[in-house]
Amino acid sequence: MPAVKGDGMRGLAVFISDIRNCKSREAEIKRINKELANIRSKFKGDKTLDGYQKKKYVCKLLFIFLLGHDIDFGHMEAVNLLSSNKYTEKQIGYLFISVLVSASSDLMKLVVQSIKNDIVSRNPVHVCLALQCIANIGSRDMAEAFNRDIPKLLVSGDTIDSVKQSAALCLLRLLRTAPDLIQLGEWASRVIHLLNDQHMGVVTAAASLIEALVKRSPEEYKGCVSLAVSRLSRIVTSSYTDLQDYTYYFVPAPWLSVKLLRLLQNYPPPEDPAVRTRLTECLETILNKAQEPPKSKKVQHSNAKNAVLFEAINLIIHMDSDPNLLVRACNQLGQFLSHRETNLRYLALESMCLLATSEFSHEAVKKHQETVINALKTERDVSVRQRAVDLLYAMCDRTNAEDIVAEMLTYLETADYSIREEMVLKVAILAEKYAVDYTWYVDTILNLIRLAGDYVSEEVWYRVIQIVINRDDVQGYAAKTVFEALQAPACHENMVKVGGYILGEFGNLIAGDHRSSPIVQFQLLHSKYHLCIPSTRGLLLSTYVKFINLFPEIKAQIQEILRNDNNIRNPDVEIQQRAIEYLQLTSVTSTDVLATVLEEMPPFPERESSILAKLKKKKPGAAEDPDAAGGKSSPPTVASKPMPEISVNASYQPQGASGGSADLLGLSSSAPPAAAPASNDTGCLVDVFDMLGTGASPTSNGLTAAADENYKSATTPDLEAGPDKIHEFVCRNNGVIFENDLLQIGIKSEYKQNLGRVGMFYGNKTSVPFSNFTAEVSLPGELSSQLMAQAKPVDSQVEAGAQKQQLVNIECVTDFTVPPVLVINFLYNGAQQHMTVKMPVMVNKFLEPAEMDAATFFQRWKNLSAPAQECQKIFKAKPPMDGEQTKSKLLCFGLSILEDVDPNPENFVSAGVLHTRNQQIGVLLRLEPNSQAQMYRLTIRASKDAISTTLCELLESQF
Amino acid sequence: MIKAVLVFNNHGKPRVSKFYQHFPEDTQQQIIRETFHLVSKRDDNVCNFLEGGTLIGGSDYRLIYRHYATLYFVFCVDSSESELGILDLIQVFVETLDKCFENVCELDLIFHVDKVHYILQEMVMGGMVLETNMTEILTRIEEQSKIEKSEAGIAGAPGRAISAVKEMNLPQKIKDIKLPDLPSIGSLKF
């Protein structure tokens, strides 16, 4: 039965044939212009056109539009067609409007008027046309005009099914355009009950609408959960003959099942045990069905079946509560990983990414590592390989990091260009995050540069330099490795940059070997110099001047290069200026001054890797922190985790003001230690400039050594990364620990012996209330046995601008190293927010000061001489080194100040007792400031092993 | 949500384009070209999903497509849609077209672009799936063509009269004209 063929419009057919017969683009345009002129004249002509003619011309215009030509007339004629009482003319009018007229058009008023007439028509096909048009255009004006009529149509008993269906989706469209105008009020429950409607089409459309409503106000529509579960259960358990026409290739109502499963993903697992059991049964049935032999060999059958299955698995992952289901889901996905259908492999990889973030199934996912790696090697489709990369990234942890990174590096050599950059970022992040041995990290990054240098963005090579500078145990190795890498005849420019920087800082560490003696290092670098772009050359010039400081014996050769016309008269201003300044600096100043100016770079402040920020920006959502179990719904505003322990000896600096301004150079607003002596010598530096007579501004010179062009563009502004403020609270008990655009968290705490009382204050900074607010204290890993924490429940609603308080009681059972974590969830404007904040509860909070005389102190000091009992750290000071401040810091840390114990009055000696439930631990401290070198030596001894190290690290961050 | 439904042939000529979110005309054409570029270079037996082009919203959007003989059917959807579900929806769309046009081919879509839109309207509305049951969709389309026929019967007459006058191929037509029998002279009365 050809339902729509019939007598068409001959003129239209002729026109289309003409176009199709056009031999060239020019001929086509000519024919179209001729037709447009014809239609225009017809529309403008005196003769009134009948409906048929208008319809024909409008059809022609539609066709011309489809070919990509602008249509700037005919709109009025289309609007006129709307008021025709003939269905076909009305229909084509509406079609033209919905394809060609935008919501901002002046004609909208007329269109709205026509819709108003049709929507109250007694003829349902007219009502449907009107609804179609509203759903297509969905402007705010329409929302204003119809926000009463459409809900009425939807819930009225008289409306026929097809109109109800359309009304539901129409309302959904208006809800998206103007959420403020659509209020269902007392009709809410009637809308929810559409889930029970007899007509499956109505239920499908209503489920879409309800999901949008639920996202807006979950509490109001909570009732839909049990209805959705029972509807789902009826579908799942029905045989394929029950639902007749809604059975698609032997699968009962697959689209509706998918919709219902999606709807349920907006809520936590049902609280009502009966509903919960029923849902679990449904999910089990769906998983069971996957194991049954297929009822048809047609691909449509397996598609429909698996669409439901994947959605069920997504719901299981979302609920993240039933380990049994999670593991079954994981096994099912594992089967799909080696399925012959590419689509299924793709989806399985994607869903597994989510599974990998659940703590219950992370291990189960890891079992498939080999298959996934294999997929990377053998899949023919780049989209599938991309998913495999995502999954490897998600399943990576400390145990498999080396394997996964190695495989990704191997793959990188042959990877598609489109995904290389992202892969490079991922490898760089994994290598840093899971590095146990930093020599491995350095090797990995240098390999990255070797294999895919073009795709290694600045963030990546800045980061490796930051890490090498902050970790003194890897500096020698890094110097040796870059030296070897640079010996390759052709090496990437990024390698030259990293090599130049690292040798400039740490070249002295390998200079003892005659194969890498100073002059060899210099010649090696200089052999690359002429092949590099100006910014790299600038960096190398800084390396050279640093060499003069490190290796005075090659000063003459380097000065020779600086003096070379290619540099001192280089057309590039930056190179020229550096060459002149460095030459003067090294000729005029004494070695002492030179040594100060060109001193080794100070450690960088600890911060989140800018690489992670870049990946997040590139792929929002896909770049989830692989550690964040269950963090799949966390929005990007959430406080990110700081990078783990990258800078053990990095002195902590508050980053609030300077966090965005990139400093590979450490040029943050709080002056880093090395900058201080340099500025003391400004008098001398100014002399240098006077002599040069160039009038160069001292602020823009390159004297802080190393490439200062970097600090202009070094890191991308990283708005998401909330700085980890926990170190500010080592010596403080009260204050604001976290703040973003939505939420402020304050803390007030007091401690007595091994007990603590902590008040948490949650302030809503927005003008919208938070609902479903929960805050829980999580004690990760070992901490659960080391600390007891009991958090009182907090109100689930936080009004706009209001503050809610939560009391947490804490008991220290035994000593601990990591702080507890506060897990906060709430709904803001219907969007789930999830954040984790470290609570500033450190072991030193349970310290109480102890008094003793010199003799007792020395007696006890001597008794605690086992290596594990002592920890000593020598570190650079953050100026100023003020005695009074130091005293108050030690007191706040929980120790006493013992006067007249140390023979040197500059030194500080303290004692305290650490109270835990199990035992009391004695703690002794000696702090020796050296104001000349701007250094401290801190020694702590404690009667229990390892505590001294923990305390040392905590206290070090304060100086 | 479905953001766009695009149908184009193996050479990238658009046959149907329907956007459920407003884009300016030239952007619409660019999206069609970009999508064609992304989809057409893929082998036939690779997977049916890929990340959307930059114009339509990048990696937050998926292109889900099927290739039938000379035509690509592409649905661009956001993450709230089930990929396999949409793949089946494309199949329902094509099967419905096939039923309506009897062995649908590219030419049917070209010459009846309005009808194709009406069929699509019965399945997708405002970017959401409206109806998936083919019998139901066909019933509604049939209903429409019944109305069309009845309207063409009464009021369409003048229109058809005009198009008949415009028939250019008159000689051929004349051959086919059967002259009516003349009334018998005998019965005439003067």
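For this structure, a couple of remarks:
- Residue satisfying all of: in segment B:56-67; modelled with pLDDT under 90, surrounded by fewer than 17 Cβ atoms within 10 Å (Cβ to Cβ) and more than 8 Å from every other protein chain (Cβ to nearest Cβ); farthest from A:R380 (Cα to Cα) among these: B:G57
- Subset of segment A:373-399 that is touching a strand residue (DSSP E or B) at 6+ places or on another chain (Cβ under 9 Å) and not β-branched (V, I, T) - its residue that is farthest from the other protein chains (Cβ to nearest Cβ): A:Q386
- Residue within segment B:103-118 that is at pLDDT below 90, touching a Gly at 6+ places or on another chain (Cβ under 8 Å), at the interface with chain A (Cβ under 7 Å from one of its Cβ atoms) and in a helix (DSSP H, G or I) present: yes
- Any hit, segment B:40-47, residues being buried (at least 16 other Cβ atoms within 10 Å of the Cβ) and either among the aliphatic types (A, V, I, L, M) or more than 12 Å from every other protein chain (Cβ to nearest Cβ) (or both): yes
- Some residue of segment A:606-619 being open to solvent by less than 10 Å² (accessible area, probe 1.4 Å) and over 30 Å from A:R420 (Cβ atoms): no
- Failed item in (1) out of contact with any Leu (no Cβ under 6 Å at 6 or more places or on another chain); (2) open to solvent by less than 70 Å² (accessible area, probe 1.4 Å), with A:L938 passing the rest: (1)
- Breaking point among (1) within 14 Å of another protein chain (Cβ to nearest Cβ); (2) modelled with pLDDT of 90 or more; (3) more than 26 Å from A:E359 (Cβ to Cβ), for A:A274: (1)
- Selection status of A:I71, β-branched (V, I, T) and within 11 Å of another protein chain (Cβ to nearest Cβ): yes
- Matching residues, segment A:109-118, being more than 18 Å from A:E89 (Cβ to Cβ) and in contact with a helix residue (DSSP H, G or I) (Cβ under 6 Å, 6 or more places away or on another chain): A:V112
- The listed residue being modelled with pLDDT under 85, surrounded by fewer than 21 Cβ atoms within 10 Å (Cβ to Cβ) and either out of contact with any Pro (no Cβ under 9 Å at 6 or more places or on another chain) or assigned by TED's automatic domain parsing to the domain that holds A:V299 (or both), out of A:E359, A:E341: A:E359
For every residue, the table says whether it meets (1) part of a loop (DSSP other than H, G, I, E, B); (2) under 25 Å from A:S517 (Cα atoms); (3) open to solvent by 40 Å² or more (accessible area, probe 1.4 Å).
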site: A:E553; (1), (2), (3): no, yes, yes
site: A:Q557; (1), (2), (3): no, yes, yes
site: A:E560; (1), (2), (3): no, yes, yes
site: A:N570; (1), (2), (3): yes, no, no
site: A:I575; (1), (2), (3): no, no, no
site: A:I580; (1), (2), (3): no, no, yes
site: A:E600; (1), (2), (3): yes, yes, yes
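- The set of residues in segment A:389-409 being free of Cβ contacts under 8 Å to residues at least 40 places away in the same chain, over 20 Å from A:N331 (Cβ atoms) and not small (G, A, S) consists of A:V389, A:R398, A:T399, A:E402, A:D403, A:I404, A:V405, A:E407, A:M408.
- Tally, over segment A:368-388, of residues that are more than 19 Å from B:E51 (Cα to Cα) and either touching a residue at least 12 places away in the same chain (Cβ under 8 Å) or open to solvent by less than 30 Å² (accessible area, probe 1.4 Å) (or both): 6
- Only a single item in (1) at the interface with chain B (Cβ under 10 Å from one of its Cβ atoms); (2) more than 25 Å from B:L138 (Cα to Cα) is not met by A:E144, and it is number (1).
- Every residue from segment B:119-137 that is more than 7 Å from chain A (Cβ to nearest Cβ) and within 17 Å of B:D98 (Cα to Cα): B:I119, B:L120, B:E122, B:M123, B:M134, B:I137
- In segment A:900-916 there is at least one residue that is among the hydroxyl-bearing types (S, T, Y), assigned by TED's automatic domain parsing to the domain that holds A:L938 and either surrounded by fewer than 14 Cβ atoms within 10 Å (Cβ to Cβ) or more than 17 Å from A:F959 (Cα to Cα) (or both).
- Looking only at residues in segment A:171-192 that are modelled with pLDDT of 85 or more and not hydrophobic (A, V, I, L, M, F, W, C), the one that is surrounded by the fewest Cβ atoms within 10 Å (Cβ to Cβ) is A:D180.
- With respect to (1) part of a strand (DSSP E or B); (2) more than 20 Å from A:N740 (Cβ to Cβ); (3) not β-branched (V, I, T), the lone exception for A:P780 is condition (1).
- The residues on offer are A:K109, A:K116, and the sole one that is modelled with pLDDT of 90 or more, over 18 Å from B:Y20 (Cα atoms) and away from chain B (no Cβ under 12 Å) is A:K116.
- Residue in segment A:261-269 that is in contact (Cβ under 8 Å) with a residue 60 or more places away in the chain and either within 23 Å of A:L175 (Cβ to Cβ) or touching an Asp or Glu at 6+ places or on another chain (Cβ under 9 Å) (or both) present: no
- Every residue from segment A:138-162 that is open to solvent by 10 Å² or more (accessible area, probe 1.4 Å) and in a helix (DSSP H, G or I): A:R140, A:D141, A:E144, A:A145, A:D149, A:K152, A:L153, A:V155, A:D161, A:S162
Table: residues versus (1) closer than 27 Å to A:P605 by Cα; (2) aliphatic (A, V, I, L, M); (3) in contact (Cβ under 8 Å) with a residue 40 or more places away in the chain.
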{"position": "A:I429", "(1), (2), (3)": "yes, yes, yes"}
{"position": "A:R450", "(1), (2), (3)": "no, no, yes"}
{"position": "A:V464", "(1), (2), (3)": "yes, yes, no"}
{"position": "A:K480", "(1), (2), (3)": "yes, no, no"}
{"position": "A:E484", "(1), (2), (3)": "no, no, no"}
{"position": "A:A488", "(1), (2), (3)": "no, yes, no"}
{"position": "A:C491", "(1), (2), (3)": "no, no, yes"}
{"position": "A:N494", "(1), (2), (3)": "yes, no, yes"}
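- Residue within segment A:785-798 that is in a helix (DSSP H, G or I) and open to solvent by 10 Å² or more (accessible area, probe 1.4 Å) present: yes
- Pairs where the first residue, in segment A:69-83, is farther than 12 Å from A:Y57 by Cα and the second is of a type in the set (D, E), C-beta under 6 Å, 6+ apart: A:D70/B:E25
- Qualifying residue in segment A:841-858 (condition: under 30 Å from A:P268 (Cβ atoms) and either open to solvent by 10 Å² or more (accessible area, probe 1.4 Å) or modelled with pLDDT of 85 or more (or both)): yes
The values are calculated or read from the model by the stated rules, or taken from the named source; none is laboratory data. Bear in mind that the values here come from a model prediction, so they are computed numbers and not experimental data. So basically every Cβ, Gly included, is an ideal-geometry build from the backbone, and we count neighbours across all protein chains shown. Just the protein is used for accessible areas: all its heavy atoms, side chains included, with ligands, DNA and RNA removed. Shrake-Rupley method; radii C 1.70, N 1.55, O 1.52, S 1.80 Å.
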